[in-house]
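Reviewing the structure listed below.
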Amino acid sequence: MKASRTARGLLEAACAEYTNEILPQLPPSQRYAGAMLRRALDVLLAEAAAAEPPEAVLEREGLGTATELAAALRRRDVDDGPALRRILRSHVERKLEISNPRFLEETRAAGAISRA
Amino acid sequence: MSEAATNTSDAVAGRFAALGPWLAEALGAQRVEITGMSKLAGGAIQENWSLDAICEGGSRPGPQAWVLRTDAPSTIATSLPRAEEYAILKVAHAAGVAAPEPIALCEEESLIGGAFYVMARGKGTAHARKIVRDPALPQFGAALAEELGETLARLHAVTPPVADLAFLPVPEGSPVLHRIAQYRADLDALPGGHPVLEYALNWLEDNAPPPQGPVLCHTDFRTGNYMVDGGHLSAVLDWEFASWNDPDEDIGWLTARCWRFGNDGCEVGGVAGLDPFLAGYERVAGRKVARAILPYWQVMAELRWAIIALQQGERCNSGTEITLELALTGVMPPEMELNILNLIDMIEEPQP
């Protein structure tokens, strides 16, 4: 999962250059596209920096890959009680740390998460 | 629809050159002069064009403010063809729903490069974030929610069979179980595995409520798909996913967190709480909505949006239509997955 130091450095430099030098110069008609590009870079940066892929959470719990667990759930071949929900929550949180950490923080702040 | 940017390019003029004469014939006018056309923002699946025209004679003489709606370069399988969407619009409008007045349908694809229809242009904005962040929302949100409830109840009063909607399949048996089967098939068509969505499908199957309906559902009734003018509902848009379904599915979709645009405290699409919406709905519908069942339908809504987002992302990832907007939509499902887990936890493990 973790990208090489060179790749991460390149991504970080590209993101900084884009955010500090290019994004503020964009005309209003291109700001939406510019913000989308910034968001895409954020996702790439977070993925490159992640220590392991999100589905490692599932594999550590002996549930296999996401594809394998999905198939087992379809077959109803897995205990689907609260313990599984807690593991699934950890898996989703790892995904959100990459795709939208702000959403995760806001949800936690709202108290709508993790009563376990 | 003031967001439109006027586009006067030769390509646009050429594409729509035959539109005026066609409209004149369709409306029985001596002449229809197109005085302005501009592509409206948004529309990943459909293209919407703001259309200003002047009719000479016919059934509606004088200046006209219309919208022309046709297919975008790529569509998705569950989106209805324009002719069917137009038929639904006619039924909804006749039922007293705040739907734009349907004006004319053209199924001849050669005229502008695809089938299209023309409808009245609603006033105000459909921009979801503008609506939920309007500083005046505390003053108009409750009344708007009540109007949303009233108009949705009028739509739900339409029940099968309706001859003009014979193309819409009536689900056999439980609409809920039909939905669940459809979503499993949708997941089968996507790459990778999605354990939270599979978990949610099992949970929805195990906790399915007694069947209701089917009634005519908009099936995409949410903030962003209706127009607000001066704090009031002016038009319900985007009828391409309409279906015979359980009426509570529309309510779950409107109230799910994924469609509150960050205004989480306002359960009804980020504009108001449930009370005014249900007051309007129940007064017109003449039935009580079981509040306790709404979280179930919110799980269904989050699941559905997650699957649609995956499908949108796949349109990009497969190379069919490479756009940043589609790619970013494709990374959204974990947000819906977290909402699903929170809702199921709330239902299964209620706090004292």
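The values are calculated or read from the model by the stated rules, or taken from the named source; none is laboratory data. Keep in mind that what you see is a predicted model, and the values were worked out from it rather than measured. Neighbour counts run over all protein chains shown; Cβ positions are idealised from the backbone, glycine included. These accessible areas exclude ligands, DNA and RNA; they are computed on the full protein's heavy atoms, side chains included. Shrake-Rupley method; radii C 1.70, N 1.55, O 1.52, S 1.80 Å.
Look through region B:196-222, keep the residues that are in a helix (DSSP H, G or I) and of a type in the set (D, E, K, R), and return whichever of them is nearest to B:Pro334 (Cα to Cα).
The first filter runs over region B:196-222 and keeps only residues in a helix (DSSP H, G or I), leaving B:196-206.
Next cut, of a type in the set (D, E, K, R) only: B:198, B:205-206.
Details: B:Glu198: 13, B:Glu205: 21, B:Asp206: 23 Å.
The extreme case among them is B:Glu198.
For every residue, the table says whether it meets (1) of a type in the set (Asp, Glu); (2) more than 12 Å from chain B (Cβ to nearest Cβ); (3) more than 29 Å from A:Ala14 (Cα to Cα); (4) open to solvent by less than 40 Å² (accessible area, probe 1.4 Å).
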{"residue": "A:Tyr32", "(1), (2), (3), (4)": "no, no, no, no"}
{"residue": "A:Arg39", "(1), (2), (3), (4)": "no, no, no, no"}
{"residue": "A:Asp42", "(1), (2), (3), (4)": "yes, no, no, no"}
{"residue": "A:Glu52", "(1), (2), (3), (4)": "yes, yes, no, no"}
{"residue": "A:Ala56", "(1), (2), (3), (4)": "no, yes, no, yes"}
{"residue": "A:Glu61", "(1), (2), (3), (4)": "yes, no, yes, no"}
{"residue": "A:Ala66", "(1), (2), (3), (4)": "no, no, yes, yes"}
Quiz prompt | Residue check for A:Arg89: closer than 20 Å to B:Glu337 by Cβ and open to solvent by 60 Å² or more (accessible area, probe 1.4 Å) | solution = no
Quiz item: Which numbered condition trips up B:Ile34, out of (1) touching a helix residue (DSSP H, G or I) at 6+ places or on another chain (Cβ under 6 Å); (2) at pLDDT 95 or above; (3) assigned to a strand (DSSP E or B)?
Solution: (2)
Quiz item: Which of (1) within 9 Å of chain B (Cβ to nearest Cβ); (2) open to solvent by 40 Å² or more (accessible area, probe 1.4 Å); (3) in a helix (DSSP H, G or I) is the odd one out, the single condition A:Asp80 does not satisfy?
Solution: (3)
Exercise. Give the residue that is most open to solvent (accessible area, probe 1.4 Å), with candidates limited to residues of region B:223-233 that are farther than 13 Å from B:Ala145 by Cα and assigned to a loop (DSSP other than H, G, I, E, B).
Key: B:Gly230
Practice problem: Scan region B:150-195 for residues that are without any contact (Cβ under 8 Å) to a residue 12 or more places away in the chain, under 30 Å from A:Ile87 (Cα atoms) and assigned to a helix (DSSP H, G or I) and report the count. | Solution: 6
Quiz prompt | Qualifying positions in region B:293-346 - touching a Ser or Thr at 6+ places or on another chain (Cβ under 7 Å) and not aliphatic (A, V, I, L, M) | solution = B:Gln298, B:Gln312, B:Gly313, B:Arg315, B:Cys316, B:Thr320, B:Glu321, B:Pro334
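Can you tell me which residues in region A:95-116 are open to solvent by less than 70 Å² (accessible area, probe 1.4 Å) and part of a helix (DSSP H, G or I)?
Our first condition is that a residue be open to solvent by less than 70 Å² (accessible area, probe 1.4 Å); within region A:95-116, this holds for A:95-96, A:98-101, A:103-104, A:107, A:111-114.
Correct list: A:Lys95, A:Leu96, A:Ile98, A:Ser99, A:Pro101, A:Phe103, A:Leu104, A:Thr107.
For (1) more than 9 Å from chain A (Cβ to nearest Cβ); (2) open to solvent by 40 Å² or more (accessible area, probe 1.4 Å); (3) under 23 Å from B:Gly252 (Cβ atoms), each residue gets a yes or a no:
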position: B:Gln311; (1), (2), (3): yes, yes, yes
position: B:Ser318; (1), (2), (3): yes, yes, no
position: B:Leu324; (1), (2), (3): no, yes, no
position: B:Ala327; (1), (2), (3): no, no, no
position: B:Met332; (1), (2), (3): no, yes, yes
position: B:Leu341; (1), (2), (3): no, no, yes
position: B:Asp345; (1), (2), (3): no, no, yes
position: B:Gln351; (1), (2), (3): no, yes, yes
Quiz item: Limited to region A:7-30, what total is found for residues that are surrounded by 12 or more Cβ atoms within 10 Å (Cβ to Cβ) and either more than 25 Å from the chain's Cα centre (by Cα) or among the β-branched types (Val, Ile, Thr) (or both)?
Solution: 4
Exercise. Being open to solvent by 70 Å² or more (accessible area, probe 1.4 Å) and under 30 Å from B:Ala24 (Cα atoms) is the filter here, so list the residues in region B:118-170 that pass it.
Key: B:Lys123, B:Ala163, B:Asp164, B:Ala166
Self-check item: Residue list for region B:254-268, filter: more than 21 Å from B:Gly96 (Cβ to Cβ) and either free of Cβ contacts under 8 Å to residues at least 40 places away in the same chain or open to solvent by less than 10 Å² (accessible area, probe 1.4 Å) (or both)
Solution: B:Thr255, B:Ala256, B:Asp264, B:Gly265, B:Glu267
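To keep it simple, each residue is scored yes or no on (1) assigned to a strand (DSSP E or B); (2) within 22 Å of B:Glu172 (Cα to Cα).
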site: B:Ala235; (1), (2): yes, no
site: B:Glu240; (1), (2): no, yes
site: B:Trp244; (1), (2): yes, yes
site: B:Glu249; (1), (2): no, yes
site: B:Leu254; (1), (2): no, no
site: B:Asn263; (1), (2): no, no
site: B:Gly270; (1), (2): no, no
site: B:Pro276; (1), (2): no, no
site: B:Ala279; (1), (2): no, no
Quiz item: Residues of region A:83-108 being at the interface with another protein chain (Cβ under 7 Å from one of its Cβ atoms) and of a type in the set (Val, Ile, Thr), which ones?
Solution: A:Val92, A:Thr107
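Report yes if B:Glu101 is of a type in the set (Asp, Glu) and either modelled with pLDDT of 95 or more or surrounded by 15 or more Cβ atoms within 10 Å (Cβ to Cβ) (or both), otherwise no.
On the way: of a type in the set (Asp, Glu): yes; either modelled with pLDDT of 95 or more or surrounded by 15 or more Cβ atoms within 10 Å (Cβ to Cβ) (or both): yes.
Spelling it out, B:Glu101 is indeed of a type in the set (Asp, Glu) and either modelled with pLDDT of 95 or more or surrounded by 15 or more Cβ atoms within 10 Å (Cβ to Cβ) (or both).
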Quiz item: Would you pick out the residues in region B:192-223 that are away from chain A (no Cβ under 12 Å) and hydrophobic (A, V, I, L, M, F, W, C)?
Solution: B:Leu204, B:Ala208, B:Val215, B:Leu216, B:Cys217, B:Phe221
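Any idea how many residues of region A:5-62 are among the small types (Gly, Ala, Ser) and more than 18 Å from A:Leu96 (Cβ to Cβ)? Spell out the reasoning first.
Taking region A:5-62 and keeping what is among the small types (Gly, Ala, Ser), we get A:7, A:9, A:13-14, A:16, A:29, A:33-35, A:40, A:46, A:48-51, A:56, A:62.
In the following step, the residues that additionally are more than 18 Å from A:Leu96 (Cβ to Cβ) were identified as A:7, A:9, A:13-14, A:16, A:29, A:33-35, A:62.
Final tally of qualifying residues: 10.
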Quiz prompt | Criterion: open to solvent by 30 Å² or more (accessible area, probe 1.4 Å) and within 18 Å of the chain's Cα centre (by Cα) - qualifying residue of B:Asp238, B:Asp250 | solution = B:Asp238
